[in-house]
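Step one of this worksheet: look at the structure below.
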Amino acid sequence: MESATLIIVLVIALALFFDFTNGFHDTANAMATPIATGALKPKTAVLLAAILNLVGAFLSTEVAQTISGGIIKESEISSAIFPEIIFAGLIGAITWNMLTWLLGLPSSSSHALFGGLIGATIVGVGAAAIDFGVVMSKVILPAFIAPLTAGIIAFTATKVAYVITRRYDSKPDGRDGFRVGQIFTSSLVALAHGTNDAQKTMGIITLLLITAGFQSASDPEPQTWVIFACAITIALGTYMGGWRIIRTLGKGLTDVKPAQGFSAESSTASTILASSALGFALSTTQVASGSVIGSGLGRRGSQVRWRTVSRIMVGWILTLPAAGAVGALAAFIVVALPVWGIIIDAVLAVLIILALFLRSRRDSVTAANAMSEVADSGKAVKVTRNPPPTRRQREIAREEARRAAAEEAAARKAAKSARAAERAARGPKNGGAA
């Protein structure tokens, strides 16, 4: 009994560490664009995001109930093996999160978690324990629909923003007012992130408690202490910054202008809040990335490098199977070695995390240099140095040309009249002298 309780405590601790990595991995979703445009200072931005993630975690538990009562069929899994399965799945998710953080790749923490759990469950118990209908309807389909929807909304919003403010086309900084709006929209994204991503770890811990008999299966609502623990942990992770991914999303995908940032953040927030209300556990990273790309397409003078975008999308596609493979391997170890499996998995996980962290120190990215250069993994949007003029700018140029031509014609006419008058004035004098 003491051994089983110890395993449960260990799994809860690992789940909270995943929550921490989720926080710093996804800070960029809310704060990359306002940092890039100068709307918020880096340290201020991550502090604001951490506070709003904390608040957002208390606003909804729909996503948590999707996880704790949907993807995995608890009735198909023995309570004796279930904590080990959760443990193995979390190792898969954390490993992928740390690897993609090192690469500065904006991948999905949510799909890493789902992939790890699905892989571990299939190896440890069998495919019958997975509700693939829920996986398809609430995980895979939103993964395709949400980024596309957010991108279209951001594209449209950017077009509208530039049409409304086209009188500022001749003024390089004429749209700086959008920077003020970005403070509000980025805050809304951070709040929305808390309502979605913090719920996932709550769902995992609740699922564990239900299976272990510490909570009734008829009530998948997270307990109060679980909500507080997950909210505080993801807030701390958010405050750490995740500067590598902030650099990629803020400078790598597009040369973000204030109007674009405002549009992208508005699109991201609306998509995430709608999904949270419906209980869809979508990837906030994919939504934010889709919004940034959409806003880049919506501004004249921007050209998307689809080769780089495809690399990021390949990362998205690999997240579920890659995390699932690691989770499956970890599950195989704990099933094959019931006593030593947990210890071996824990040691291997610590070694992998330390190795990735130490590797990251070779080219450290901090608040001071996150926006100093474009990330190697990015440059998805190339902005031309001399973009073609907009229709409004062409109209202004034609009007100025007509005005200049009219002034030149009037000047020539005036000069001709002056010469004629001068000749007329000299004529009588010359005639009198004759």
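Every number here is computed from the coordinates shown, using simple stated rules; none is lab data. A quick note: this is a predicted structure, and the numbers were derived from the prediction, not measured. Glycine also receives a Cβ, built like all others from the backbone with ideal geometry; neighbour counts cover every protein chain displayed.
Things to note:
- Residues whose placed amide H lies under 5 Å from that of residue 104, excluding near-sequence neighbours: none
- Pairwise FRET efficiency - residue 228 versus residue 81, Cβ, R0 = 35 Å, nearest 0.05: 0.75
- Rh by Kirkwood over Cα pairs, then Stokes-Einstein D for the range 72-224 at 1.567 mPa s and 4 °C, µm²/s: 69 µm²/s
- Modelled label positions at residue 10 and residue 366, each set 7 Å beyond Cα in the direction of Cβ, lie 3.6 nm from each other.
- In this structure, the residue pairs whose Cα-Cα separation is over 18 Å, taken from 41/159; 43/257; 73/138; 41/200, are 41/159; 43/257; 41/200.
- Paramagnetic reach from residue 354 (point 7 Å along Cα→Cβ, amide N under 20 Å) across the range 78-92: 91-92
- The range 102-231, relative contact order in percent, only Cα pairs under 8 angstrom and at least six apart counted: 15 percent
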